[in-house]
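Trainee: Sharing a structure with you now.
Bear in mind that the values in this text are calculations on the coordinates, not laboratory data. The model shown is predicted, which means the values in this text are computed figures rather than measured ones. A quick note on method: Cβ atoms are made from the backbone with ideal geometry, for glycine too, and the neighbour counts reach across all protein chains shown.
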Ligand SMILES: Nc1ncnc2c1ncn2[C@@H]1O[C@H](COP(=O)(O)OP(=O)(O)OP(=O)(O)O)[C@@H](O)[C@H]1O
């Protein structure tokens, strides 16, 4: 005849720290173990090892293992723009890296079906996405940021055929992946106000949205439309970011403003949303991005611009958490 004691004694010493309780009754051993912080496969292994060890005890006909996982309070931030090519992906990557540098556990979801670029920007383009059953396993970048991209789910050039339900399913696969202890998911949305944006807002209710624009009037009109969409979906606007502001000529040192000047800050004021900061138009940002070395990761001239905006976002997230 077995007892709670026999079952407890059978638990391997290296696992006993995780076991919260072990009970035996009528041939059934019930183990409750803490799997907090373990990934999916490590948790499955813990379960198997406990079943094997306790199942070998005389009189035990059945082993029931209940694993408790930490409930990670994960926040979602959407990064959007009204218009393509204004630097939304560049900002997403660098905000994620800057926040990871500040100790936040960050993941990036690249939901831009038309121009997925996060694996390239985070230097993970050569890594194959893994899955356990239906669950995707995010790729770890060298900057402490995990990433999953629509580009890993669709064949290049096929995005145009993707509509409503397919988009929703693909987005859900990315959002519901095994993000482990990730506290913050930053979602790089496609430009404009289409299916991906609507699904994102309705299904995943981000804690806030960051909207990127160049200082140009045309871009600002589109940014205003994106802000409207977020507001209608009751997603608060964290703020507007101005990208591709003043260009410093590396040859002569003169500053020029190809896309205008200060327009985004003025628009933010007019729309009653915070202005989070500005990033200059700089060759180094483009080159570093193209080579999978986000400027925010290294001690670069432009790192502080992204760090400043990330600090504004961290502040917002702290307040949103309450
Ligand atoms: N501040 C900047 N200075 C120089 N180049 C920049 C800057 N911001 C973005 N770029 C470059 O501009 C191009 C477009 O940027 P990015 O892909 O981030 O824009 P996007 O808004 O995400 O575009 P898409 O519409 O494809 O989603 C990229 O080549 C990027 O490296």
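Trainee: For the residue pair residue 252 and residue 51, what label-to-label distance in nm results when each label sits 7 Å from Cα along the Cα-to-beta-carbon direction?
Mentor: 7.3
Trainee: Go ahead and run the numbers for FRET between residue 34 and residue 269, Cβ-Cβ distance against an R0 of 41 Å, rounding to 0.05. Intermediate values should be presented prior to the final figure.
Mentor: Details: r = 50 Å, r/R0 = 1.22.
So the FRET efficiency works out to roughly 0.25.
Trainee: Dividing the alpha-carbon Rg of the range 1-139 by 2.2 N^0.38 Å yields what? Working shown, then result.
Mentor: On the way: Rg = 22.2 Å, N = 139, 2.2 N^0.38 = 14.3 Å.
Against the empirical 2.2 N^0.38 Å value, I get 1.54 for the range 1-139.
Trainee: Please give the helix 164-175 orientation as an angle from the longest Cα principal axis of the chain, in degrees from 0 to 90, rounded to the nearest 10.
Mentor: 60
Trainee: Residue 102 versus residue 42, label points 7 Å from Cα toward the beta carbon: distance in nm?
Mentor: Result: 2.6 nm between the two label points.
Trainee: Suppose the chain between residue 14 and residue 61 were pulled fully straight at 0.36 nm per residue; how much longer would it get relative to their current alpha carbon spacing?
Mentor: Values: separation 47, 0.36 × 47 = 16.92 nm, distance 2.38 nm.
In short, 14.5 nm is gained.
Trainee: Sticking with this structure for a sec: Do you know the relative contact order of the chain, to the nearest whole percent, from alpha carbon pairs under 8 angstrom that are 6+ apart? Intermediate values should be presented prior to the final figure.
Mentor: On the way: 625 pairs, mean separation 59.6, N = 322.
Over the chain, the number comes to 19 percent.
Trainee: A further question follows. Tell me, what is the Rg over Rh of the chain, with Rh the Kirkwood radius over Cα pairs? List each step's numbers first, then the result.
Mentor: Details: Rg = 23.8 Å, Rh = 21.6 Å.
Checking Rg against Rh, the ratio lands at 1.10.
Trainee: In whole angstrom, note down how far apart the Cα centers of the range 239-295 and the range 11-38 are.
Mentor: Answer, in whole Å: 55.
Trainee: Only bridges whose two residues both fall in the chain count here: according to DSSP, what percent of them are antiparallel, nearest 5?
Mentor: Numbers: 13 of 50 bridges.
Antiparallel bridges make up about 25 percent of those DSSP assigns within the chain.
Trainee: Another question, then. Run the quick spin-label model on residue 166 and residue 221: label points 7 Å from Cα toward the beta carbon, then report their separation in nm to one decimal.
Mentor: With each label point 7 Å from Cα toward Cβ, the separation is 3.2 nm.
Trainee: Give me the number: length gained by fully extending residue 23 to residue 4, i.e. 0.36 nm times residue separation minus the C-alpha to C-alpha distance, one decimal in nm.
Mentor: Net length gain for the segment: 6.4 nm.
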